[in-house]
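Note sheet for the following structure.
The values are calculated or read from the model by the stated rules, or taken from the named source; none is laboratory data. Predicted model, so just to flag it, every value in this text is computed and none were measured. We place every Cβ from the backbone using ideal geometry, glycine too, and count neighbours over all the protein chains shown. Areas reflect the complete protein model, heavy atoms only, side chains present, ligands, DNA and RNA absent. Shrake-Rupley method; radii C 1.70, N 1.55, O 1.52, S 1.80 Å.
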Amino acid sequence: MNNQSTDRFESPDFYVLDGLLTEEHKLIRQSIRDFVKKEISPNIEEWAQKAHFPYEIVKKFGEVGAFGPTIPQEYGGGGLDYISYGIIMQEIERGDSGMRSTASVQGSLVMYPIYAFGNEAQRKKYLPKLASGEWLGSFGLTEPDHGSNPSGMTTNFKDKGDHYLLNGAKMWISNSPKCDVAVVWAKDETGRIHGLIVERGMEGFTTPETHGKWSLRASTTGELVFDNVKVPKENLLEGKSGLGAPMKCLDSARFGIAWGAIGAAMDCYDSARRYSLERIQFGKPIASFQLTQKKLSEMLTEITKSQLLNYRLAQLMEEGKATTPQISMAKRNAVEMALNIAREARQIHGGMGITGDYPMMRHMANLESVVTYEGTHDIHLLILGKEITGIAAFE
Amino acid sequence: MKILVCITHVPDTTAKISFTDDNTKFNSDGVQYIIGPYDDYALARAVELKEASGGTVTVLNVGTSETEPTIRKALAIGADDAIRIDAEPTDSYFVAEQIANHAKDAGYDLIMMGRESIDFNGGMVHGMVGELLGLPAISPVMKLDIEGQTAKLAREIEGGKEYLELDLPFIAGCQEPIAEWKIPNMRGIMSARSKKLEVLAPSDASEAVKLQQYELPPAKGDVKMIDADNVGELVKLLKNEAKVI
Ligand SMILES: Cc1cc2nc3c(=O)[nH]c(=O)nc-3n(C[C@H](O)[C@H](O)[C@H](O)COP(=O)(O)OP(=O)(O)OC[C@H]3O[C@@H](n4cnc5c(N)ncnc54)[C@H](O)[C@@H]3O)c2cc1C
């Protein structure tokens, strides 16, 4: 039995952020934490080591309500606020970023666009099944030749009278190999970007898996390939078109990532704190050495700063006032902080830190995806740069 | 079927225990509270029984307003409504009186609770409620099925199990593995918002026991490691130093 199968996690709350949370927020946190301790922590190391995506977790996420917590209840969502959403992502990512990716793609990138840009029939058809985990969804924006620059995409569809004919390929798509539906972004004949709902079973639609990942190993990633796929016209998301539509989804997902990364950081910090008190060298716990204390103090400082930033961002999201650059700042800040903490925490564990008995290497490797997807670290920096100077440096 | 589940609001099992006021009051500073773990089993089974054959589950807690988050959690897990009897739960008899007084005319088919709370671990309330209501009280119940008006249950006894059958209504003090603890889901938490939580004034009842003082167990002493080959030394120490043999 490795150390992670008995999950002793205690979350730090140095600035008593709990004082800003409602009893309901705390109950949500406790419930998801209990869920993670029961369903994820005991198995995650094995799943990650074996690059196994535990498909059964999809239904369990549905049951606990991790899919689309902010979507109204009439569509099967939770009807909760953004702080709750953030808390849910934080607790799941405390368990594993791959598991959080499964949930954030489903909620923010699949359910959200169907809810925000879809019509009533589409909402009714897809949202309850996605919320319950009966269906798994994926989000296809990135292409082999267009990552940071999605507007260059070549996936396209033509109006064939009674249907659209979709061609192209998406790459690096979370959930793709197991997805039942995909929200796919493609250009129409005039070059404008639209969202289409593509369903498994449509002829010419395949989802080959991407193998050999060293990151998010418990999450499944693949391609979406469209070879003359006939998509019914009623599967077009009519509510919004242009690059702004997928970007709006990313805003919501990035918000969840900003909170999620703190979860990964807390897990590493908590493990390091405990280990440093238990590990004896030179006749005393390594926690008694100043350099260890410096590491732990800095970790707690960075976690606390990120918590406060995220909390305020959640309030702005709730008021509908959060801007894309604000979200960029939070995502970028939290992921970098978490990566640094994972590395420092691993050092505190010495040799033990490189084994799967402790979570740091897994979090660290996972965070390499998190720092890249949903806008790379540098692209978020440049979004902030544009906000400050008015000059876009990434085009 | 109408089920009443009585829940306690107790310090988390990992809470650090200390006392104030000359060791006469429990220090609740920084202590996180939970539904009593045995009560949580009772609640989980009650919700399962309701889901299987219909009916309602009411949760009841004797406590001050501080216990409301705990009650809300029980509602989120699946209870339909809740009652809080607004009083400090000073001793088992006082609590049993409050429960019995509420339940006597309320027409419950089954009253469930944990075999004991985990703060004072008295394990007496179910028996007292049974006595006050003139109903059978059985504890610890580790398996419970209901068929019509009859309950089939298994009770843990010294060295084995006892299988019983009896008619409703009765009082069950529950323990694992009667059901698995339920984790509230997000929809449950949302709907708990609008479920009814009624606050009732306590009935006149007196405590049977007055608490004098608390005392923590003595701190653990140092551990002496003795080599596995050196049994003689171990026996000598147990005899002369620990004085246990
Ligand atoms: C595990 C995983 C899961 C993913 N899941 C999904 C998904 O579900 N759906 C989806 O659509 N996509 C997904 N992605 C794709 C992800 O969003 C892209 O990888 C990301 O946008 C970067 O694109 P790229 O990989 O093509 O890198 P590139 O765009 O080629 O970038 C390479 C490097 O160049 C830098 N760079 C690029 N342009 C500029 C510039 N203008 N100025 C400065 N630096 C620049 C980048 O910052 C980066 O460091 C996933 C990726 C991974 C790894």
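Among the helices (runs of 4 or more DSSP H) confined wholly to region A:277-395, which include 1 or more residues that are over 20 Å from the mean Cα position of the chain (by Cα) and either charged (D, E, K, R) or within 16 Å of the ligand (Cβ to nearest atom) (or both)?
A:290-318, A:324-348, A:377-389
Are any residues in region A:135-165 within 17 Å of A:Thr220 (Cα to Cα), assigned to a loop (DSSP other than H, G, I, E, B) and either open to solvent by 60 Å² or more (accessible area, probe 1.4 Å) or near the ligand (Cβ under 8 Å from one of its atoms) (or both), and if so, which ones?
Within region A:135-165, A:Leu141, A:Thr142 qualify.
A:Gly191 versus (1) surrounded by 13 or more Cβ atoms within 10 Å (Cβ to Cβ); (2) free of Cβ contacts under 8 Å to residues at least 24 places away in the same chain: which is the lone unmet condition?
(1)
If we keep just the residues of region B:123-143 that are among the aliphatic types (A, V, I, L, M) and assigned to a loop (DSSP other than H, G, I, E, B), which is surrounded by the fewest Cβ atoms within 10 Å (Cβ to Cβ)?
B:Leu135
Taking A:Ser132 and the conditions (1) open to solvent by less than 10 Å² (accessible area, probe 1.4 Å); (2) within 12 Å of chain B (Cβ to nearest Cβ), which numbered condition does it fall short on, given that it satisfies the others?
Result: A:Ser132 fails condition (1) only.
Could you tell me which residue of region A:44-53 is nearest to the other protein chains (Cβ to nearest Cβ), considering only residues that are assigned to a helix (DSSP H, G or I) and surrounded by fewer than 17 Cβ atoms within 10 Å (Cβ to Cβ)?
Of everything passing the filter in region A:44-53, A:Glu46 is nearest to the other protein chains (Cβ to nearest Cβ).
Quick check on B:Lys152: is it touching an Asp or Glu at 6+ places or on another chain (Cβ under 9 Å), open to solvent by 10 Å² or more (accessible area, probe 1.4 Å) and either outside any strand (DSSP E or B) or within 14 Å of chain A (Cβ to nearest Cβ) (or both)?
When the stated conditions are applied, B:Lys152 does not pass them.
State the number of residues belonging to region B:163-197 that are more than 14 Å from chain A (Cβ to nearest Cβ) and in contact (Cβ under 8 Å) with a residue 24 or more places away in the chain.
Matching residues across region B:163-197 total 15.
Just to be sure before I move on: is B:Glu233 more than 14 Å from every other protein chain (Cβ to nearest Cβ), of a type in the set (Asp, Glu) and either over 25 Å from the mean Cα position of the chain (by Cα) or not in a loop (DSSP other than H, G, I, E, B) (or both) in the structure I sent?
For B:Glu233, the condition - more than 14 Å from every other protein chain (Cβ to nearest Cβ), of a type in the set (Asp, Glu) and either over 25 Å from the mean Cα position of the chain (by Cα) or not in a loop (DSSP other than H, G, I, E, B) (or both) - is met.
Go through region B:41-79 and count every residue that is within 13 Å of chain A (Cβ to nearest Cβ) and polar (S, T, N, Q).
Residues in region B:41-79 being within 13 Å of chain A (Cβ to nearest Cβ) and polar (S, T, N, Q): 3 in total.
Listed residues A:Ser101, A:Ser41; which is under 29 Å from A:Asp357 (Cα atoms), part of a helix (DSSP H, G or I), in contact with a strand residue (DSSP E or B) (Cβ under 6 Å, 6 or more places away or on another chain) and more than 13 Å from chain B (Cβ to nearest Cβ)?
Step by step, each of A:Ser101, A:Ser41 is checked, and only A:Ser101 is under 29 Å from A:Asp357 (Cα atoms), part of a helix (DSSP H, G or I), in contact with a strand residue (DSSP E or B) (Cβ under 6 Å, 6 or more places away or on another chain) and more than 13 Å from chain B (Cβ to nearest Cβ).
Collect the residues in region A:54-77 that are surrounded by fewer than 19 Cβ atoms within 10 Å (Cβ to Cβ) and at the interface with chain B (Cβ under 9 Å from one of its Cβ atoms), keeping them in residue-number order.
A:Glu63, A:Gln73
So, A:Leu141, is that one outside the structural domain of A:Glu74 (by the TED database) and among the aliphatic types (A, V, I, L, M) or not?
Yes; evaluated as a whole, the condition is true for this residue.
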